[in-house]
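Peer 1: Can you keep this structure in mind? I'll have questions shortly.
Only the coordinates and a few stated rules stand behind these numbers; no lab work does. Computed from a predicted model, the values in this text were never measured in an experiment. Reconstructed Cβ throughout: ideal geometry from the backbone, glycine too, with neighbour counts over all protein chains shown.
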Amino acid sequence: MHWQDRCAARKRAQLDAVPRDWLIDTPLNTQRNVLDVPRACGLLTPREIEITDTIDIDRLLLNLRTAQWSAVEVTTAFYKRAIIAQQLTNCLTEIFVERALARARELDAHLARTGNPVGPLHGLPISLKDQFAIKGLETIMGYAGWIGRYAENDCVLVKLLYECGAVPFVRTNVPQTLMWGETYNHVFGRTTNPYNRYMTPGGSSGGEGALLALRGSPLGVGTDIGGSVRIPAAFCGLYGLRPSCNRLPYSLSVNVQAGQESIVSVLGPLAPSLRALRAFTHALISAQPWRHDPEALRKEWNYAEEALSAHGGPGARLCFAIMPDNGIIKPHPPVLRAVREVREALEAAGHTVIEWEPHRHLEIYEVGERIFAADDAQDYISECALSGEPLIQTMSPETDAHKYALDEPFARTIVGERRHLSVYELWKLHEEKRALRKSSLDHWEATASKTGTGRPVDAIIAPVEPYTACPHGCNSDAFYTTLYNLLDYTACAFPVTFARKDIDVAQPPHAFRNHEDEAVFKLYDPELFDGMPVGLQLVGRTQEEEGVLAMMEVVDRALKAARGPRDVPF
């Protein structure tokens, strides 16, 4: 069968998996913002709207473990809303309603029989990026050649989620090859951003971003090798955690470049609330993933770290370093305003804020991009050859493409002529990476002379991208996030504000640093970007998940105190 016919057949099978009475009258494509459709379409009952609008993860889990809400009704409510999200943004891949409901019924029966929940995530529906294998289901991951490839076992993440009482209930869309900050493949098509469907939700966990923005899931799991959790989180008004390597279990999940261990992909949660990230991470670490994944670190949840023992203890004055610009790509006005707002909020809360001086960024950028290109795309080409499908070269749509889509991002130009690297050349890159990590650590430690706390900077706050969610085909830069993957720093994306055309006015040209910096500058249009979420990231040290989440709480409280609870523009 021709690859296009295989893709069309698989897409039809996906549609057939949707219950007929869950289909809605979808708005025309000209309606860009669809955030209000789930509440207005008439499919959800008032109780289902109440359930799926519950952002407070602690309340949701409490209601589940006390049987105020059954696992079946919560799973049904979120499944219906996920199917609405699918019809609006094309965010899903695997749809397995009866299987998920059967799991929920088992949990309800256990609670009724014993009076005890199964685990800390009892009854919680959780969406999964299309990398996390579930026994008996296909894991296509955006490749036509992977259609019909059924998992023989659950990946370790899914196994532990079952132990914790969760209900895996949908899987979400990814780009072909995963190595894009956008989401499009030949099998399932393009995922759009519900804040503005002309814009991308990011990638490669873009299906998660779109689904969670529409509250079609209370918590999702993505992966991040260069920003693939943090970018969708920022583009879709969410929180997203990039843990350090091997803190959370990746074993038996599928991936591209599976043997590439120079810059390691990690899994991380995305959610509309910060507390949900903590609930997921604590539950998974408490399940002792090292019992099942030989590469997972044997590190229990550290309550002292969560209490910020290395940062002066609970209630201590912290010192944050702000990096509004990485010196390579200058951010757009809404992003720079978000940085200023965070700085002002932290200072108003009594914390110290200093400027972060970028350190050897171009060298880090070059080493990272050369590592990613070391096989000269052989992995992607081999997977495409399984079906004969072409390797996708651009995320721009065939029609209505934005005029400032960049054909040659700066990341490609610094790699130079693409070719296979020898083993020795790759080893030399590893040597350079180690030296850069040591130099970066020393640079961080040296900030102790500037903080006034007697400690080095507690955390860095920086953009996730130089822009908010942008038109399809225009997300050319990822170094604001990839920087911390190469250094293996724990990082958490968080929502700050929304772009506003009345105050985020276009600025005059600056001295462009490279051709991508110029293209990003020209991309900005206050009218186009108006209303898009603006997110930043908080960056901590390696293996500092507990501390990063705790410091993120400090920032979140400061922002809320500065202007009240964040408005959600439904």
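Peer 1: Using the Cα gyration tensor of region 169-225, with a ≥ b ≥ c the square roots of its eigenvalues, what is the shape: rounded (a/c below 1.5), prolate (a/b larger than b/c) or oblate (neither)?
Peer 2: oblate
Peer 1: Enumerate by residue number the GluC sites (Glu not before Pro) in region 398-504 meeting two conditions: DSSP loop (anything except H, G, I, E, B), and at most 10 other Cβ atoms within 10 Å of the site's Cβ.
Peer 2: Passing both the DSSP loop test and the Cβ count: Glu398, Glu417.
Peer 1: Which order, highest average first, do 486-499, 331-344 follow once you tally other Cβ atoms within 10 Å for each residue and take the mean per peptide?
Peer 2: 486-499, 331-344
Peer 1: Can you tell me how much longer the chain between Leu15 and Arg418 gets when fully stretched, taken as 0.36 nm per residue apart minus their C-alpha distance, in nm with one decimal?
Peer 2: 141.1 nm
Peer 1: Kindly identify region 159-269 as rounded, prolate or oblate by the Cα gyration tensor criterion: order the square roots of the eigenvalues as a ≥ b ≥ c, call it rounded if a/c is under 1.5, otherwise compare a/b with b/c, prolate if a/b is larger, else oblate.
Peer 2: In terms of gyration-tensor shape, oblate.
Peer 1: Take peptides 58-66, 547-555 and line them up by average Cβ neighbours within 10 Å, highest first, as a rough protection proxy.
Peer 2: 547-555, 58-66
Peer 1: Next question. Among Thr468, Thr399, Thr352, Thr139, what is the fewest-to-most ranking by other Cβ atoms within 10 Å?
Peer 2: Working: Thr468 31, Thr399 5, Thr352 17, Thr139 20.
The most exposed by this proxy come first: Thr399, Thr352, Thr139, Thr468.
Peer 1: Please list the non-local residues whose amide H lies under 5 Å from the amide H of Ile225, H modeled 1.01 Å from N, same-chain partners needing a gap of 5 or more.
Peer 2: Those qualifying (amide H under 5 Å, at least 5 residues apart or on another chain) are Val266.
Peer 1: For region 260-265, take each phi angle, set θ = phi - 60°, evaluate the Karplus expression 6.51 cos²θ - 1.76 cosθ + 1.60, and give the result in whole Hz per residue in order, putting x for glycine and proline.
Peer 2: Coupling constants for region 260-265: 7, 10, 6, 10, 9, 6 Hz.
Peer 1: Please state, as a whole number in µm²/s, the translational diffusion coefficient that the Stokes-Einstein equation yields for region 419-570 at 4 °C and 1.567 mPa s, with Rh defined as the Kirkwood radius across alpha carbon pairs.
Peer 2: My calculation gives 70 µm²/s for D.
Peer 1: How high is the relative contact order of the chain, in percent, counting Cα pairs under 8 Å that sit 6 or more residues apart?
Peer 2: With pairs under 8 Å counted, the relative contact order is 16 percent.
Peer 1: May I pose another question? Quick one: Karplus J couplings for region 314-325, per residue in order, coefficients 6.51, -1.76, 1.60, θ = phi - 60°, nearest Hz, x for Gly and Pro?
Peer 2: With the stated coefficients, region 314-325 comes to x, x, 5, 6, 9, 10, 9, 9, 9, 10, x, 8 Hz.
Peer 1: For region 54-156, what is the relative contact order in percent, using Cα pairs closer than 8 Å and at least 6 residues apart in sequence?
Peer 2: Values: 104 pairs, mean separation 26.5, N = 103.
Computed over region 54-156, the figure is 26 percent.
Peer 1: Could you pull out every Cys in the chain that lacks a partner Cys with its beta carbon under 4.7 Å away?
Peer 2: Flagged as lacking a Cys partner: Cys7, Cys41, Cys91, Cys155, Cys164, Cys236, Cys245, Cys319, Cys384, Cys492.
Peer 1: For region 59-115, what does the convex hull of the Cα positions come to per residue, in cubic angstrom? All intermediate terms of the calculation are to be shown ahead of the outcome.
Peer 2: Details: hull volume 4.3 nm³, N = 57.
In region 59-115, the Cα convex hull volume per residue is 76 Å³.
Peer 1: Right, another one. Using DSSP to call loops (not H, G, I, E or B), can you name the GluC sites (Glu not before Pro) in region 141-241 whose Cβ has at most 10 other Cβ atoms within 10 angstrom?
Peer 2: Glu152
Peer 1: Now for a different question. Find how much the distance from Trp22 to Lys135 grows on full extension, using 0.36 nm per residue of separation minus their present alpha carbon separation; answer in nm with one decimal.
Peer 2: Once the chain is fully extended between Trp22 and Lys135, it gains 38.1 nm.
Peer 1: Under the √(5λ) rule applied to the eigenvalues of the Cα gyration tensor, what semi-axes describe the equivalent ellipsoid of the chain? Give them in Å, descending.
Peer 2: 33, 28, 25
Peer 1: Would you mind listing how long region 345-490 runs along its three principal axes, going by Cα atoms, in whole Å with the largest first?
Peer 2: 60, 44, 24
Peer 1: In deg cm²/dmol, rounded to 500, what helix-only [θ] at 222 nm does the chain give when every DSSP H run of at least 4 residues adds -39500 (n - 2.57) and the total is split over its residues?
Peer 2: -11500 deg cm²/dmol
Peer 1: Under 14 Å from the Cα of Lys560, which aspartates and glutamates turn up, not counting those fewer than eight places away in the same chain?
Peer 2: List returned: Glu341, Glu344, Glu347.
Peer 1: Filter the cross-link list Lys129/Lys522; Lys159/Lys438; Lys11/Lys135; Lys159/Lys299; Lys11/Lys80 down to pairs whose alpha-carbon distance in this structure exceeds 25 Å.
Peer 2: Table pairs above 25 Å Cα-Cα are Lys129/Lys522; Lys159/Lys438.
Peer 1: For a Förster distance of 41 Å, can you work out the FRET efficiency between the beta-carbons of Ala561 and Asn514, rounded to the nearest 0.05?
Peer 2: After rounding to 0.05, the efficiency reads 0.55.
Peer 1: Rg and Dmax of region 435-485 over Cα atoms: what are they, in angstrom?
Peer 2: In Å, with Rg to one decimal and Dmax whole: 15.2, 46.
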